[in-house]
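What follows is calculated from the coordinates using simple rules that are stated; it is not laboratory data. This is a predicted model, so every value here is computed, not measured. Virtual Cβ from ideal backbone geometry, glycine too; neighbours counted across all protein chains shown.
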Amino acid sequence: MALIPQEFRTSGKITAEVRARVKEKIRPGMGYLEACEFVEEEIASRGASPAFPTGIGVNQVTAHYAPQTGDGSVFKETDLIKVDFGVHVDGYVTDTAVSVTFNPEYNLLLEVAERALNVAIATARKEVRTGEIGREIHREAARFGFKTIENLTGHTVDRYQVHAGKSIPNLYLPGMQSLKKGDVFAVEPFLTPGRAAGYVVDAPTTTIYSIAARKKTGVDELDRFVDRVWEDRKTLPFTPRWYAEELGGKHESLLGRLVAKKLVRGYPTLVEASGNPVAQFEHTLAIDEAGLVVLT
Ligand code: MN
Ligand code: MN
């Protein structure tokens, strides 16, 4: 068996194609929901599936926000827009993100965030500790007076796993694990202005979930829903929008009950603590026999 399964490469190629389309497509006046549906249709038309619900992060909304049916929000000329999405092919996950803005005030922040990603890619190789990658990301941000988000990290990915164990921080941390041959991992610098707090906190909204355990509850509607989600997602995250029909109008109560029973886990929306805008760029990389490859 190849060190990096072919499915990872296929997944990465599809992610890269959709990423290029997304960058062209996002414009002021477009709906958040329209953007998500565009991403998910582009993935489906290539015979693959989303690795997780398409994330739309506008301004201080940093991660884990997936718009639901009926969401009427549209992108504004003044916004800093992040689109974070992933693809899985037979469970093999690749993860990417781009930031887009039409507000010249954010041009430098986006430019430096993308540079920080390139610096991270240039640093990543076999036997490098992930804290060293974080140091280079942070150094690049600081050169321009920006901060990185200290409590969001890149991560290894694996089959049916978006976070597979190792973290790639966005600042120097001592004693972190080294990258090994065969690792597949996402690097994702998040940058924010120097005046910002530089960390994210939970918002009261949750739009992303995953199945945490499979156990019968004895309650028919709960068991049926978990079976249905498991069938197409296994351990991969999902969003209520994808199951609107099964959930009817009661997704909050049904999911709330499953979360209370610890059968489903929720991932709250994350916002920058001081309300400052955040830019993010992300790629998934692999270390194969020949060295580093950018899969996405
Ligand atoms: Mn991502
Ligand atoms: Mn990621």
Subject >> For G198, residues with placed amide H under 5 Å, excluding near neighbours >> reply: A273, S274
Original post:
Residue-wise, which Karplus ³J(HN,Hα) couplings in Hz belong to region 127-142, taking 6.51 cos²θ - 1.76 cosθ + 1.60, θ = phi - 60°, and x for glycine or proline?
Top reply: 6, 7, 6, 5, x, 5, 5, x, 4, 5, 4, 5, 4, 5, 4, 5
Original post:
Normalised by the number of residues in the chain, what is the relative contact order in percent for Cα pairs under 8 Å and 6+ residues apart?
Top reply: 24 percent
**OP:** Could you work out how far apart the two model spin labels at K180 and Y160 are, taking each label as a point 7 Å from the Cα in the direction of the beta carbon, and quote it in nm?
**Re:** 2.2 nm
Original post:
In debye, nearest 20: dipole of the chain around its Cα centre with unit charges on the Cβ of K, R (+) and D, E (-)?
Top reply: 740 debye
Original post:
Between V128 and F144, what length comes free when the chain is fully extended (0.36 nm per residue of separation minus the Cα-Cα distance, one decimal in nm)?
Top reply: 3.3 nm
Subject >> Within straight-line cross-link reach of K262, lysines at Cα separation under 27 Å, skipping those fewer than 8 residues along the same chain >> reply: K166, K215, K216, K234, K250
**OP:** Using the Karplus curve 6.51 cos²θ - 1.76 cosθ + 1.60 with θ = phi - 60°, work out ³J(HN,Hα) for each residue of region 225-230 in order, rounded to whole Hz, and write x for Gly and Pro.
**Re:** 5, 4, 4, 5, 5, 4
Original post:
Roughly how many nanometres apart are two label points built 7 Å out from the Cα toward the Cβ at K261 and D227?
Top reply: 1.3 nm
**OP:** Report, by chain and number, residues whose modeled amide H sits under 5 Å from the one on T217, excluding near sequence neighbours (fewer than 5 apart, same chain).
**Re:** D223
Original post:
Which residue, F281, F190, F75, tops the fluctuation ranking in a GNM of the chain built on C-alpha contacts under 10 Å?
Top reply: F75
Subject >> Difference of contour (0.36 nm per residue) and Cα-Cα distance, E246 to M30 >> reply: 75.0 nm
Original post:
Under unit Cβ charges (Lys, Arg +1; Asp, Glu -1), what dipole magnitude, rounded to 20 debye, does region 204-270 have relative to its Cα centre?
Top reply: 340 debye
**OP:** Work out, step by step, the length gained on full extension between E77 and A203: first 0.36 nm times the residue separation, then minus their alpha carbon distance; give nm to one decimal.
**Re:** 42.9 nm
